[in-house]
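A short write-up of the structure that comes next.
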Amino acid sequence: MLKFNVFGKTDVGKRRNNNEDAFIAQTVWDDNHLLAVVIDGVGGYEGGEVAAEIAQETILEYLQEYSNGERLSLLTQAVTQANNSIYEQRHIRNGYEQMGCVLTAVLFDLENGQLNMAHIGDTRLYCFQNNVLTKISHDHSEVGYQEETGALTEEEAMHHPQRNIINRIVGAEMHKIDDLEFIDSTIIPIIYNSTYLLCSDGLCDMLTSNEISSILQKDISIEIKVQELIDFANEKGGKDNITVVLVEFKGKLPVIQENKVIENTEINNDKLINPPNNKKNKFLKIFGFITLAFVFGVAGGWFGQKCFHYENVSKKIVPIIDSIKTQSVDSLDINKIKDTLKIHTLTE
């Protein structure tokens, strides 16, 4: 059984008077679904704080209310709802016309061993395993893009004057569920014996990947790791609010029949991954076998009426297909069906 520990904390930093960050770190629906979200508000004094609070409340309330459906689809719907709620409030509250936020939201599905991510902006999701820190999310900024492509080193990107200029913001305009170029979404397998880090740029603008790894590799509690990351960022200057959520996984992964990755997925239930259905696959295999047998029976009747009789074969096979439709899939005996087909196609 896959077991986890989760802990999150936010800190105002050394140079800000208010905290425009927010986070979520708790289970939803049941113990098999863990929601981890880091939100960084933008838009001036207090505006970012309000936007982050709206996003935090909306995402959590939406997922608590709706539990039926594809996990990634539900998560992206919740983020879209948060976006539209912030946009509406921008036009209601005086002085908050520029408020918005960026966020990274992750819904861990322990039952299926999958991680579902919805991401907008420059908050980040990392995976730490075997002392290697890997960034999963992609910054929606020109500097972030140059860093990822190697045009800038990590140190150069951290000190770039345009580091905090982002090109996607939650709440800037209304969005529909299926809007492209808004939410980066992905499904990936949860990695065994790993730690997932979600953070605001108050952490990753202060600490390098090696400095973050130096703390994550320590044999200390998850709570102390979070506090040490925040303290280290403050020691390096604490120029912004700092938010950290850590999720540690230990134990055995469930047996997954199929793991796939979707990047930049369109938010459409018809296009999302559905777990394989063995009963449905069994029926399709049987139905396909019968269909092939029917085709060969017809071909035989066309080329050699002495061996096969198309009209008689079709009269025999169609009732077989109809009878299968009325049976439960588990009760179907494919060997019995094969024998029946042989009798009706080879002896007519």
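Here, each number is a calculation from the coordinates, and none is a lab measurement. Since we're looking at a predicted model, the values are computed, not measured. We place every Cβ from the backbone using ideal geometry, glycine too, and count neighbours over all the protein chains shown.
I need the semi-axes of the equivalent ellipsoid of region 28-95: take the C-alpha gyration tensor, multiply each eigenvalue by 5, square-root it, list largest first in whole angstrom.
Numbers: eigenvalues 130, 30, 14 Å².
Calculated on Cα positions only, the semi-axes equal 25, 12, 8 Å.
How much net charge surrounds Ile224 when only the other residues with a Cβ under 15 Å from the Cβ of Ile224 are counted, with Lys and Arg +1 and Asp and Glu -1?
Working: positive: Lys9, Lys218, Lys225; negative: Asp11, Asp219, Glu223, Glu228, Asp231, Glu248.
That works out to -3.
Mind listing the Cα extents of region 2-271 along all three principal axes, in Å, largest one first?
That works out to 51, 41, 34 Å along the principal axes.
With charges only on Cβ, +1 for K and R and -1 for D and E, what is the dipole size of region 2-271 about its Cα centre, in debye, rounded to 20? Provide the component values of the computation, followed by the final result.
Numbers: 21 positive and 44 negative charges, 103 e Å.
About 500 debye.
Return the sequence-ordered ³J(HN,Hα) values of region 99-104 in whole Hz as given by the Karplus equation 6.51 cos²θ - 1.76 cosθ + 1.60 applied to θ = phi - 60°, using x for Gly and Pro.
Going residue by residue, I get 6, x, 7, 10, 7, 10 Hz, with x marking Gly and Pro.
Could you go through region 26-42 in sequence order and give the Karplus-derived ³J(HN,Hα) for each residue, using 6.51 cos²θ - 1.76 cosθ + 1.60 with θ = phi - 60°, rounded to whole Hz, and x for Gly and Pro?
6, 7, 10, 6, 7, 6, 8, 10, 10, 10, 10, 9, 10, 10, 10, x, 9
Order the peptides 217-230, 106-119, 7-20, 152-165 from the highest to the lowest mean number of other Cβ atoms within 10 Å of their residues.
So the order, starting with the most tightly packed, is 106-119, 7-20, 217-230, 152-165.
How many Å³ per residue does the convex hull of the Cα positions in region 77-141 occupy?
104
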